[in-house]
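Structure first, then comments.
The values are calculated or read from the model by the stated rules, or taken from the named source; none is laboratory data. In this text, all values refer to a predicted model and were calculated from it rather than measured experimentally. All Cβ positions, glycine included, derive from the backbone under ideal geometry; neighbour counts span all protein chains shown. Surface accessibility is based on the protein's heavy atoms, side chains included, excluding ligands, DNA and RNA. Shrake-Rupley method; radii C 1.70, N 1.55, O 1.52, S 1.80 Å.
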Amino acid sequence: MRFMIIRKADAETEAEVMPSTELIEAMTAYNEKLSKAGVLVGGDGLLASSRGARIKFANGRPTVTDGPFAEAKELIAGYTMIEVASREEALEWVRQWPPEDGHGSVELELRQVATAEDFGDAMTPELIEREAAMRIAEHARK
């Protein structure tokens, strides 16, 4: 099972306050621990919403709105992807999040990644094959 640990944005991340060396060290150590356990799939920090855009489609037509966006609590500042055996194991990893982050007050969200089985009959064998081919090509580029 794959899960995304979502690090919610806050006033500091939206103000582009860069993390301290201590926080970078703590996050690196956390990621190394995930990697050594064989559960780390990937992850990155994100720049502030002022550098982003929202794209809303109406009747198939996109409208682009440049950031920043007002509600920091609705934004994300980064993510970590893990692959584990259960939701409980994912929660155990989340509980080990570095306390240095957010000066000890950080909000995380855990979301399970959908798989082909979650889509039922809509995910045909041909679509599953095409999806697998894209993932193989993606990994080959890296």
Going through (1) more than 18 Å from Thr28 (Cα to Cα); (2) free of Cβ contacts under 8 Å to residues at least 40 places away in the same chain; (3) outside any loop (DSSP other than H, G, I, E, B); (4) not charged (D, E, K, R) one by one, His103 fails only at (1)
Selection within the range 38-56 - without any contact (Cβ under 8 Å) to a residue 24 or more places away in the chain and not in a strand (DSSP E or B):
Gly38, Arg51, Gly52
Among the residues of the range 57-75, is there at least one that is among the small types (Gly, Ala, Ser), touching a strand residue (DSSP E or B) at 6+ places or on another chain (Cβ under 8 Å) and in a strand (DSSP E or B)?
no
Anything in the range 9-26 that is open to solvent by 50 Å² or more (accessible area, probe 1.4 Å) and of a type outside the set (A, V, I, L, M, F, W, C)? List them, or say none.
Glu12, Glu16, Pro19, Ser20, Thr21, Glu22, Glu25
Selected residue (only one of Ala85, Ala29 is loosely packed, with under 13 Cβ neighbours inside 10 Å, at pLDDT 95 or above, in a helix (DSSP H, G or I) and among the aliphatic types (A, V, I, L, M))
Ala29
Members of the range 43-65 that are under 23 Å from Ser86 (Cα atoms) and surrounded by 11 or more Cβ atoms within 10 Å (Cβ to Cβ)
Gly43
